[in-house]
Amino acid sequence: MTSTTTLRTVLRACGASWSLAAALLAPAAWAAPFTVDTVNGTVTDAATGLMWDRCAWGQTGTSCSGSPAASTWAQALTAAQTANTTAHKGYTDWRLPNKNELESLVKIDAVSPAIDITAFPNTPASGNPRIFWSSTNYAPDPAIAWFVYFDVGYADAYVKSLTLSTRLVRSGQSFAFFDTLDTTAPILTAGPTLTPGPDGTTAGAGVTVSENATGYWLVLPAASPAPSASDLLALGPTQQVALTGNVAASIPLSGLTPGTAYRFHFIARDGAGNASGVSSTPFTTPSVPGAPTGVAADPGAHGSGEVTVSWTAPADNGSAITGYSVAGAPSGTCTAVAPATSCTVNGLPNAASYTFTVTATNGVGPGPVSSPAAGATLQGAQTITFADPGAQAVGTPLELAATASSGLAVSFAVSGDCSLGGSTLSFTSAGTCTVTASQGGDANWAAATDVAHGFAVALRSQTVAVPGGTATARFSGGGAACTFESLAPTTPATSGPAQPPAGLVFTHGLLDFVLSGCDQSDVTMTVTYPQALAQGTQYWKLHAGDWGQYPAQVDEAAGTVMFTLRDGGAGDDDGLENGRIVDPSGAAHRVAASAAARRCPRWGRGPWRCSAWGWGCWAGAGGGEPGPGGSSALCCHPTGLGLLL
């Protein structure tokens, strides 16, 4: 029996209470032999009761073929979690061994590797694979952890980012009792999550860790080099936050620049000096919103002074859009509160064109101005001022005049008994004429409502052939609608009651006037004959079969006679107020007459009552009685009194 075997026998005789001490105080080679389960690939140490994975993490098979997986310290911890999730080799309580547990596997009478290769075949003997991670932190620096070299069998510590081998252990009697340090680093169970503030200068970081700890944080531009764990742990109190285990903590951040990409670097260290790995979380602060697109302007009804502007909301760039402002050129503004994407500009001058731009605003501020909307023309409303010309007369042209409130030219159209040449209206015959004034508008002005006037066209001048040439009759008065119904030349009767008195000569014959549409105002008729009139010419009318001189102004040299007529009154042969004036008459002068012909009607009797005619003298037409003193004519005064001459 060897000395080692003898010592093991003694230790075993001391009972189970000495077995743990033996494992710590005696070399590993002196411990009880390992029990190998070749079926599930585990090794049980009878001295400690620990069950080991026979193979390093990443090796397979009963001979542990292949190379161990190269893992950082954090990845070694994760390997244990993965093993438990998958019930590795039938168990779910695997862990990364602490420093003392891992050192219990060292075989001090062996080298390269310094381990029992029967129990743990194919353990690497060179390079990083020969070094295995423990779960024990290095107290002076939480960024460093302990590991064991299995080429010569000693322990050391180095940064946790080194990639080494991993061997898992489970159950049995843990050596944690002899590890005087808290070897478990805080675990980030949630976060860090970054929530940028709406103004782009602040943010909030949320984080939850598994135990009470102190958090160290630093915000740097995304392009800046990441700080090390030592850098973070050296930060002052303003960059620290107290963390309660499994309670979410909020870390306010300020002094940020809008629209900038950052990284939030964080590490947590517990009271025992165990530190988590450094986490780096990217985030970007909000910036001003983009420029609205699709800006369109819709003019209101012409003359309304309103334009409705609409647009498509832009990207908010991390901060919710709060509103929009619209600016018009040359004038006009309106605003909209998000999420509305339209507003109406009021009070704009009409008959003008406008363009509009839109600016969005969020918590950071106003964004860039949009491209302008296509020009919108707000048409003005215009009206036409066109006075009613009233009744017109044939032969008298009318110069039309109308204005539009827009200042644009007004055009005319006519229908009826009239024609238009430029702006001059001519009347071709008696009847009616309708003139319509129009203004069709332009880009700035909507079309005006047409203004139309219809009016009567009177025939107030007639030309007719008479003996000796052509005579013209024209009149004024009698109302706007008074017009010639007819004008016909006739000759005096040569016999009967209608025969003119003896000695009267009608050089140019008689004219038979008929006027219609007249009111009861005076009608002044002027007849112009083709030649000068004979000296002593008077105007004579035939009334109810009798002839009488009618008051008239005779200009013998000019060949004109002017007299006054009235519907139902002076000079109206039918004597009725019916709108028609009937006036058979003519210009005559006397020649020598026989005494027998100088007879006068009876005083105040017959058709020539003074009250009917006013001033005038009429010669007797036979059958009458001479007046007092044998006079042959009855002269009447407008009072109705007569005087025989």
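The values are calculated or read from the model by the stated rules, or taken from the named source; none is laboratory data. Fair warning: this is a prediction, and the values are worked out from it, not measured in the lab. Glycine gets a Cβ as well: all are built from the backbone with ideal geometry, and neighbour counts include every protein chain shown. Side chains are part of the model used for accessible areas, which takes the heavy atoms of the whole protein and leaves out ligands, DNA and RNA. Shrake-Rupley method; radii C 1.70, N 1.55, O 1.52, S 1.80 Å.
Odds and ends about this structure:
- Residue match in the stretch 234-253 (condition: at pLDDT 90 or above, more than 26 Å from residue 160 (Cβ to Cβ), surrounded by fewer than 16 Cβ atoms within 10 Å (Cβ to Cβ) and among the polar types (S, T, N, Q)): yes
- Unique match (being surrounded by 15 or more Cβ atoms within 10 Å (Cβ to Cβ), of a type in the set (A, V, I, L, M, F, W, C) and farther than 30 Å from residue 456 by Cβ) among 511, 533, 515, 565: 533
- Looking only at the stretch 378-422, and only at residues there that are assigned to a loop (DSSP other than H, G, I, E, B) and hydroxyl-bearing (Ser, Thr, Tyr), the one that is surrounded by the most Cβ atoms within 10 Å (Cβ to Cβ): 406
- Of all residues in the stretch 406-453 being among the hydroxyl-bearing types (Ser, Thr, Tyr) and out of contact with any Asp or Glu (no Cβ under 7 Å at 6 or more places or on another chain), the one that is farthest from residue 353 (Cα to Cα): 426
- Restricting 448, 480, 493 to residues that are open to solvent by less than 50 Å² (accessible area, probe 1.4 Å), modelled with pLDDT under 90 and either assigned to a strand (DSSP E or B) or among the aliphatic types (A, V, I, L, M) (or both) narrows the list to 493.
- Picking from residues in the stretch 451-460 that are modelled with pLDDT of 90 or more and open to solvent by 40 Å² or more (accessible area, probe 1.4 Å), the one that is nearest to the chain's Cα centre (by Cα) is 452.
- Test: residue 52 is modelled with pLDDT of 50 or more and within 22 Å of residue 162 (Cβ to Cβ): no
- Residue 39 being open to solvent by 20 Å² or more (accessible area, probe 1.4 Å), modelled with pLDDT of 50 or more and not hydroxyl-bearing (Ser, Thr, Tyr): yes
- The stretch 99-122, residues that are open to solvent by 10 Å² or more (accessible area, probe 1.4 Å) and closer than 30 Å to residue 276 by Cβ: 99, 100, 103, 104, 106
- Condition check for residue 301 on (1) on the phi < 0 side of the Ramachandran plot; (2) open to solvent by less than 50 Å² (accessible area, probe 1.4 Å); (3) out of contact with any Pro (no Cβ under 8 Å at 6 or more places or on another chain); (4) not basic (Lys, Arg): one failure, at (2).
- Among the residues of the stretch 413-433, those that are of a type in the set (Gly, Ala, Ser) and touching a residue at least 24 places away in the same chain (Cβ under 8 Å) comprise 413, 416, 423, 426, 429, 430, 431.
- Residue in the stretch 461-470 that is surrounded by fewer than 19 Cβ atoms within 10 Å (Cβ to Cβ), of a type outside the set (S, T, N, Q), at pLDDT 90 or above and within 30 Å of residue 384 (Cα to Cα) present: no
- Matching residues in the stretch 423-445 - criterion: being open to solvent by 50 Å² or more (accessible area, probe 1.4 Å), part of a loop (DSSP other than H, G, I, E, B) and touching a strand residue (DSSP E or B) at 6+ places or on another chain (Cβ under 9 Å): 428, 440, 443, 444
- Selection status of residue 120, aromatic (Phe, Trp, Tyr), assigned to a loop (DSSP other than H, G, I, E, B) and more than 60 Å from the chain's Cα centre (by Cα): yes
- Against the list (1) within 15 Å of the chain's Cα centre (by Cα); (2) in contact (Cβ under 8 Å) with a residue 60 or more places away in the chain; (3) open to solvent by less than 70 Å² (accessible area, probe 1.4 Å), the condition residue 332 fails is (2).
- Those residues of the stretch 358-393 which are touching a strand residue (DSSP E or B) at 6+ places or on another chain (Cβ under 6 Å) and β-branched (Val, Ile, Thr), in sequence order: 358, 359, 361, 369, 377, 384, 385
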